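Worksheet: one structure, shown below.
Any read-out appearing in this document is the output of simple, stated calculations on the displayed coordinates, not a laboratory observation. Given the structure is predicted, the values throughout are model-derived calculations rather than measurements. FYI the Cβ positions are ideal-geometry reconstructions off the backbone, even for glycines, and counts take in every protein chain you see.
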Amino acid sequence: MNTRDSLRTKLVASPYIVWSLLFILAPMVFVVYYSFTTGAGDFTFDNIRLLSKYLTTFLRSIWFGIVATVICLLIAFPVAYIISQKTDKVQRTMVLLVMVPMWMSFLIRTYSWMAILQDTGIINNFFARVGLRPVHMINTSGAVILGMVYNFLPYMIMPIYSVMAKMDMSMIEAAQDLGGNRLTVIRKCVLPMSVPGIVSGVTMVFVPSVSTFYISQKLGGGSFDLIGDVIERQFQQSYNYNLGASLSLVLMVLILICMAVMNRFSSDGGEMVI
């Protein structure tokens, strides 16, 4: 590559570099700075020491995120597989149906579930009409996880479908010719080749599930504080930016660790075993 090509490459990459500095690196620097300073700007570890008070909240957030991610995976894998087996026209239609809810506002989607799950909502009204007792669903942990699954499910379906749609069908046909039934082919052929999509989907669902706050507030009624709720209150109500930044820093480290682990699985996985 000559000097002119090198200069052209740098010019093309410069907007991305500027964007990264302004909107990725700079916010992270501010988070680290506020995490280890007081309101007066003095260096301190007090904000980090206070994090022990929120250990239960961290564990609850991680647990809810894991449960929501597992449910999304169990739903998304067969859905993605079914879509990938259809004709191109049907695939486009089914992908469109998966993405349509994402065109609506996140707030509207969450409010819709409030109307559905309330004690006087659509489901309980139906139960009353058929003579069944009403079921309390709103303001429960199940409602919070349901909101996570509904809002983030497309983020699991699309990466898995993208990988499945590009799979070499001759390998699947070979597995079938070797005597493998449908379940065996999926378990030993389709599943290993889908690992990159699964890893991407798990990351894209787990990260927003752990850090969410609006879903837990509306569908949980404030009864199930997640770490996102605590951070939001520190910035919007208590105006304790230093503690909020330290909470954000720990959450960011946890997410980076999760992504590193998932990337390790992605690099080790993907080999077909028959």
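Number of Lys-Lys pairs in the chain with C-alpha atoms under 26 Å apart and a separation of 8 or more places or on different chains: 5. Along the stretch 222-237 the Karplus relation, 6.51 cos²θ - 1.76 cosθ + 1.60 evaluated at θ = phi - 60°, assigns HN-Hα couplings of x, 7, 10, 5, 9, 5, x, 5, 5, 4, 4, 5, 5, 8, 9, 10 Hz to successive residues, with x for each Gly and Pro.
For the stretch 130-250, a crude dipole built from +1 on the beta carbon of Lys and Arg and -1 on the beta carbon of Asp and Glu, taken about the Cα centre, is about 220 debye to the nearest 20. A simple rule links phi to the HN-Hα coupling: the Karplus curve 6.51 cos²θ - 1.76 cosθ + 1.60 with θ = phi - 60°, which for the stretch 197-211 gives x, 5, 4, 4, x, 4, 5, 6, 8, 5, 4, x, 5, 5, 9 Hz, with x for Gly and Pro. Quick one: grab the alpha carbon gyration tensor of the stretch 128-274, order the square roots of its eigenvalues as a ≥ b ≥ c, and give me rounded if a/c is under 1.5, else prolate or oblate depending on whether a/b is larger than b/c. In terms of gyration-tensor shape, oblate. Report note on the peptides 145-156, 76-87: ranked by the mean count of other C-beta atoms within 10 Å, highest first, their order is 145-156, 76-87.
Distant-in-sequence amide contacts of Thr37, defined by a placed amide H-H separation under 5 Å and a gap of 5 or more residues or a different chain, comprise Thr44.
Using 0.36 nm per residue and subtracting the Cα-Cα separation, the extra length available between Ala174 and Leu97 on full extension is 24.5 nm. If you take the charge dipole of the chain about its Cα centre, with +1 on Lys and Arg Cβ and -1 on Asp and Glu Cβ, which of Val100, Val149, Gly131 is farthest toward its positive end? Value: Gly131.
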